[in-house]
Amino acid sequence: MLYSEKVLDHFANPRNVGEIKDADGIGEVGNAKCGDIMRMYLKIDGDTITDVKFQTFGCGAAIATSSMATEIIKGSKIEDALKLTNKAVVEALDGLPPAKIHCSVLAEQAIKAALANYFEKQGLDPTPLVGEFHTDCEACHGCH
Amino acid sequence: MNKVIYADNAATTPIDPRVLEAMTPYLTEHYGNPSSIYSIGRDAKRAIETAREQVAKAFGAKVQEIYFTGGGSESDNWAIKGSMDLLKAKGKTHIITTNFEHHAVMDTCKFMEKHGFEVTWLPVDEEGYVTAKQVEEAIKEDTGLVTIMYANNEIGTIQPIAEIGEICHQKGILFHTDAVQAVGNIEIDVVKQHIDMLSMSGHKIHAPKGVGVLYVKNGVRLSNLVHGGGQERGRRAGTENVAAIVGLGKAIELITQNIPERIEKVSRLRDYLFAQASKIERSRINGSTKNRLCGNFNMSFEAVEGEALLLMLDLNGICGSSGSACTSGSLDPSHVLLAIGLPHEIAHGSLRLSINEQTTQEDVEKIAEVLPKVVGRLREMSPVWNKLD
């Protein structure tokens, strides 16, 4: 299993780890049986994500993708965060081993889940805004 | 960078300098093909026969019962496929094994199932043992082979091999054991322990990779796995890996010299690790603490994932391994940990350390100091940790 230097850096020094007590949106995906759970916390001001934190139970790639995904969306507009794909996370990390691609999918889904939770709290139906996403193993295309 | 603490000797071991020294002439001046008639060929042939004597002596076997192979996996494949291929003609198509064998045995047995053989997969108990009684009860009219590992590669539990062998011999059934992890850590006597076939690997005992042994008791018939030339008395074709065979011979001679002393020393270090690591809350020792390989440590830490734990230990200069799915590339964690009844989520958070006689008190103290810190760090990051009951 070969991880890129960037993956190892984000694993060893993860950015944005922790909780936001008064978060505006929280999303959790994965399950412990599969060995990966990601929880994302968002602080939102108007149309901007002003702060983001994560907690992850999972392998090195799960922690690194969580870290990278939060770094990408921190300070960005909600509409840009919704466009974040797992592919972009993988590229930003200089690639992931094939067996670990599902971790990047989880990171993308965790952000969508947190934004959906934010819209719900605003009294909005998240489906047309966020689109389809999965919170369980369905999120994980890499799993068989 | 601090010194690396190598605690993954169940995966592989470094070559002993004395082994390398014994091997070197066969990589340089004695390059002859052992099947050749001239002197440099004869030198190589003699060296192989010396190694065969060294291996035979270590197991209480006869020299003509020792066959060199390309490694432990090949030996396992040959023992199972080769024996059942011939037993089939006598109507023996049933194999008995356990549900926590190494993949070399497990996947070979699955292959046999696909080819019309029947396999009974005996469950192990939660301590990691199978009993001779279970074997006896599973024996049927058409049972041809029992294959049960000597000691488990993940949790180190040592099986009642002599008792199982005795049952097999009373019933006239062949008994094979994968002893890859056991060699050098347990006194093995193929006669007293009623073993018909035994697999071992060189690189687990400070010899090089790519060489192994299958002990085949006189009179046990096997069809060939590798066909071709007449090497290994016509039973395993291919020009011999002379230097590696010489290395294996030297390594087994060295490692079987002082087994009781080594068990005493290594167990003490391992038990220190168990005692220290057990102070970590919500941890558990996997497998029994009795009848266990002296260097084997296997524990699970709740709310922590194994691969992340390994990476973080590596950042601290400690090499270990895990039964986590994430290290294997599959979704399921270790079949061994599931076999002893661990739920998936606990099995994902497992750590195996395998120390040996080269491990020092200082090494285990460093591991005992680092382990709680990295477990704690990962738990701080884990959304599961503070939600546990």
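The values are calculated or read from the model by the stated rules, or taken from the named source; none is laboratory data. All values reported here derive from a predicted model rather than from experimental measurement. Positions of Cβ are generated from backbone atoms using ideal geometry, with glycine treated the same way; all protein chains shown enter the neighbour counts. Each accessible area value is taken on the protein alone, full model and side chains, heavy atoms only, with ligands, DNA and RNA left out. Shrake-Rupley method; radii C 1.70, N 1.55, O 1.52, S 1.80 Å.
Under the condition of being at pLDDT 95 or above and facing chain A (nearest Cβ under 9 Å), the residues counted in the range B:343-378 number 1.
Restricting A:LYS21, A:LYS33, A:LYS83 to residues that are basic (Lys, Arg) and farther than 26 Å from B:LYS387 by Cβ narrows the list to A:LYS83.
Table: residues versus (1) open to solvent by 40 Å² or more (accessible area, probe 1.4 Å); (2) within 20 Å of the chain's Cα centre (by Cα).
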site	(1), (2)
B:LEU122	no, yes
B:ILE164	no, yes
B:GLU187	yes, yes
B:PRO208	no, yes
B:LEU225	yes, no
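What are the residues in the range A:42-59 that are surrounded by fewer than 24 Cβ atoms within 10 Å (Cβ to Cβ) and in contact with a strand residue (DSSP E or B) (Cβ under 7 Å, 6 or more places away or on another chain), if any? Scanning the range A:42-59 gives A:LYS43, A:ILE44, A:ASP47, A:THR48, A:THR50, A:ASP51, A:LYS53, A:GLN55. Of all residues in the range A:54-84, those satisfying the criterion of being facing chain B (nearest Cβ under 7 Å) and hydrophobic (A, V, I, L, M, F, W, C) are A:PHE57, A:CYS59, A:ILE63. For the range A:34-55, which residues satisfy the criterion of being without any contact (Cβ under 8 Å) to a residue 40 or more places away in the chain and under 19 Å from B:SER324 (Cα atoms)? Passing the criteria: A:GLY35, A:ILE37.
Residue count for the range B:276-301, restricted to those that are more than 14 Å from chain A (Cβ to nearest Cβ), within 25 Å of the chain's Cα centre (by Cα) and among the small types (Gly, Ala, Ser): 4.
Among the candidates A:ASP22, A:ASP51, which residue alone is more than 13 Å from chain B (Cβ to nearest Cβ) and assigned to a loop (DSSP other than H, G, I, E, B)?
Numbers: A:ASP51 fails: assigned to a loop (DSSP other than H, G, I, E, B).
That would be A:ASP22, the only listed residue that is more than 13 Å from chain B (Cβ to nearest Cβ) and assigned to a loop (DSSP other than H, G, I, E, B).
Here the condition is being hydroxyl-bearing (Ser, Thr, Tyr) and at pLDDT 95 or above; of A:SER66, A:SER104, it holds for A:SER66 alone.
Annotation note: of A:GLU120, A:GLU108, the sole residue that is free of Cβ contacts under 8 Å to residues at least 40 places away in the same chain, of a type outside the set (Val, Ile, Thr) and either open to solvent by 40 Å² or more (accessible area, probe 1.4 Å) or within 14 Å of chain B (Cβ to nearest Cβ) (or both) is A:GLU120.
Considering only the range B:237-252, I want to know if a residue exists there that is under 30 Å from B:HIS335 (Cβ atoms) and free of Cβ contacts under 8 Å to residues at least 12 places away in the same chain. Among the residues of the range B:237-252, not one is under 30 Å from B:HIS335 (Cβ atoms) and free of Cβ contacts under 8 Å to residues at least 12 places away in the same chain, which makes the answer no.
Assigned to a loop (DSSP other than H, G, I, E, B) and either polar (S, T, N, Q) or surrounded by 23 or more Cβ atoms within 10 Å (Cβ to Cβ) (or both) - does that describe any residue in the range B:72-91? No - not one qualifying residue is present in the range B:72-91.
For the range A:108-144, taking the residues that are aliphatic (A, V, I, L, M) and at pLDDT below 95, the one that is farthest from the chain's Cα centre (by Cα) is identified as A:LEU124. Among the residues of the range B:98-117, those that are farther than 15 Å from B:SER199 by Cα and polar (S, T, N, Q) comprise B:THR98, B:ASN99. Selection of the range B:15-31 for residues being touching a His at 6+ places or on another chain (Cβ under 8 Å) and open to solvent by 60 Å² or more (accessible area, probe 1.4 Å) yields only B:ILE15. In contact with a Ser or Thr (Cβ under 6 Å, 6 or more places away or on another chain) and away from chain A (no Cβ under 14 Å) - does that describe any residue in the range B:302-324? No, the conditions are met nowhere in the range B:302-324.
Residues of the range B:189-205 that are open to solvent by 10 Å² or more (accessible area, probe 1.4 Å) and under 21 Å from B:ASN258 (Cα atoms): B:ASP189, B:VAL191, B:LYS192, B:GLN193, B:HIS203, B:LYS204.
Sort out which residues of the range A:29-41 are facing another protein chain (nearest Cβ under 9 Å) and either among the polar types (S, T, N, Q) or buried (at least 19 other Cβ atoms within 10 Å of the Cβ) (or both), and write them in order of number. Break it down stepwise before answering.
Quick first cut of the range A:29-41, residues facing another protein chain (nearest Cβ under 9 Å) only: A:31-39.
Across the range A:29-41, the qualifying residues are A:ASN31, A:ALA32, A:CYS34, A:GLY35, A:ASP36, A:ILE37, A:MET38, A:ARG39.
Does at least one position in the range B:103-111 carry a residue that is surrounded by fewer than 21 Cβ atoms within 10 Å (Cβ to Cβ), of a type in the set (Ser, Thr, Tyr) and either modelled with pLDDT of 95 or more or assigned to a loop (DSSP other than H, G, I, E, B) (or both)? The answer is no; no qualifying residue exists. Apart from one condition, A:PRO97 fits all of (1) modelled with pLDDT of 95 or more; (2) within 14 Å of chain B (Cβ to nearest Cβ); (3) open to solvent by less than 60 Å² (accessible area, probe 1.4 Å); the exception is (1).
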